[in-house]
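The structure appears below as structure tokens.
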Amino acid sequence: MTRTGTGAHLADSVIYGHLWTTPELHGMFDDEGRTRSWLHILAELAAAQAQVGLLPVEAAAAIREHAVVERLDLAAVGAGTRASGHSTLGLIRCLREILPESAREWVYYGATVQDLTDTWFGLVMRQVADIVDAGLARCEAAAVELAVRHRDTLMCGRTHGQPGLPITFGFKAAVWVAELRRHRARLAQVRPRCEVVQLGGALGTMEFWGDPALDLLAAFAANLGLGVPETPWITARDGVVEFVALLAMTAGTLAKIGNEIFELQRPEIGEVGEPIIEGTVGSITMPHKRNPELSEHLDTLARIVRADAGVALEGMVALHERDGRSWKAEWLVLPEASQLTGAALEFAARLLEGLRVDAVRMRANLDAHRGYLVSEPMMRVLAGRIGKHAAHEAVYGAAMAALADGVDLGDRLVADGLLDASEVAAVSDPAAALGAATVFVDRVVGA
């Protein structure tokens, strides 16, 4: 049966691909992009081998000239891969066919599949880290702007989905800023451990290349701008795991922000809203709807990246000196997690940059709770006379009774003789119950 069209994976879809990847990331991981990178690695390997005297300089130059994806028939590479049952033999054979005869025996000289593909991972993680850091910086900048603009914008703080104490929206945004910033710090820390070459030969000992082996390793890494690992990492998959886990953490933070916006833009709360994009349709049956497409999709993407991190973690358990069960699964999850996280960063940046904040509705929702959100300051005043725990019991009893009767908490405390009207008035302003909320905003913004 002849296959037509594209999009077996949604990232490849011409219809839905924009939801699951970005053009830049997809171009890294499709057949052409991956093969282009592999050919670049093979050319730099040949150059390094020529540098240390392992192969003729002319052969290395010919390999560099001909190792260009546009010169290859990728369909033929695929056919050769299927016929040989080997991950890269189809590529080797097709590349040898287009090389001058004098260079054919020198291409891929002594290297194994993992020398090629794991070195590709080192390059991939470097490129993806640049993209992720830029995306995080964009989200951070948008969140900083929200924190500054709404430093003093009062709203309900909520725990367990219920109103608790007054906070400001700037405080909420500052928490986002700090978390995004920590991911950037983690990314900087992990990069030297991940952005390294792999060159070990059959078992990682580099036996094939003899005395020049270690010089070859250094030259190969230098040519690619990657680091030299302490040892080959054929079965040591912790670097890939750490990187994918960081992608999962990043996507998780974006999902948390998305879920917060998802909840707060419910019409019955109505405190924020996604940017309105003209022409978007929420429902083909209910014309009035504006669905939370951006914030909702952040949760969707993060679920899959977390699952990818779980698969990557399985690769930690590898057997002997090579185990295809571990690293071949990474061929799927590293590209997928990278693309999904890149898409999530793009959606999150658009969401934060265009977020509509309704400060009037925030204050109205706060005032609608009739003093209950300053129960802690009221309890603190009473605690000065009868102790904290006794005050909690007293204010709790008054609050439950007042809620049942539909009256304000302050009025009930005065009626019960627990506080006088002046004491209630002194702590009833929500702006006076913010604690260090605005200080934390200033601290984060100042950092």
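Couple of notes before you dig in:
- Cα centroid separation, segment 86-151 to segment 31-78 (Å): 15
- Listed by Cβ neighbour count within 10 Å, with the fewest neighbours leading, MET28, MET400 appear as MET400, MET28.
- Computing P(r) over Cα pairs in 20 Å bins from 0, in percent directly from the structure and comparing it against (1) 18, 24, 23, 12, 13, 9, 1, 0; (2) 21, 40, 25, 12, 3, 0; (3) 24, 56, 18, 1 singles out (2).
- Loop-resident GluC sites (Glu not before Pro) (DSSP state other than H, G, I, E or B) in segment 203-312 with no more than 14 further Cβ atoms inside 10 Å of their Cβ: GLU230, GLU268, GLU278.
- Listed by chain and number, the aspartates and glutamates whose alpha-carbon sits under 16 Å from that of LYS388, ignoring those within fewer than 8 places in the same chain, are GLU376.
- Rounded FRET efficiency, nearest 0.05, which uses the C-beta distance separating VAL317 from VAL228 and R0 of 35 Å: 0.85
- Spin-label model, ALA61/ASP31: points 7 Å from Cα along the beta carbon direction are separated by 3.4 nm.
- Of the residues THR341, THR112, the one with the fewest other Cβ atoms within 10 Å heads the list, and the complete ranking is THR112, THR341.
- Annotation: the residues PHE169, PHE243, sorted from fewest to most other C-beta atoms within 10 Å of their own C-beta, follow the order PHE169, PHE243.
- Per the Debye formula on identical point scatterers at the alpha carbon atoms of segment 77-230, with no solvent, log10 I(q)/I(0) at q = 0.09, 0.14, 0.15 Å⁻¹ is -0.53, -0.82, -0.89.
- Taking segment 112-148 and a reference point 7 angstrom along Cα→Cβ of ALA188, the backbone N atoms nearer than 20 Å belong to 125-145.
- Cα-based helix-to-principal-axis angle, 74-84 vs the chain, degrees rounded to 10: 80
- Restricting segment 46-145 to GluC sites (Glu not before Pro) that sit in a DSSP loop and have at most 13 other Cβ atoms within 10 Å of their own Cβ leaves GLU105.
- Helix-derived mean residue ellipticity, 222 nm - over the chain, DSSP H n ≥ 4, -39500 (n - 2.57), to 500: -20500 deg cm²/dmol
- A Förster radius of 22 Å combined with the Cβ-Cβ distance from LYS256 to THR280 puts the calculated FRET efficiency at roughly 0.40.
- Convex hull volume of segment 372-427 per residue (C-alpha atoms, cubic angstrom): 64
- Under 13 Å of direct C-alpha separation, and excluding same-chain neighbours fewer than eight residues apart, LYS256 reaches these aspartates and glutamates: GLU179, GLU296, ASP299.
Each value in this text was obtained by applying a stated rule to the coordinates, not by laboratory testing. Remember, predicted model here, so these are calculated numbers, not experimental data. Don't worry about glycine lacking a Cβ; one is built from the backbone with ideal geometry, like all the others, and counts go over all protein chains shown.
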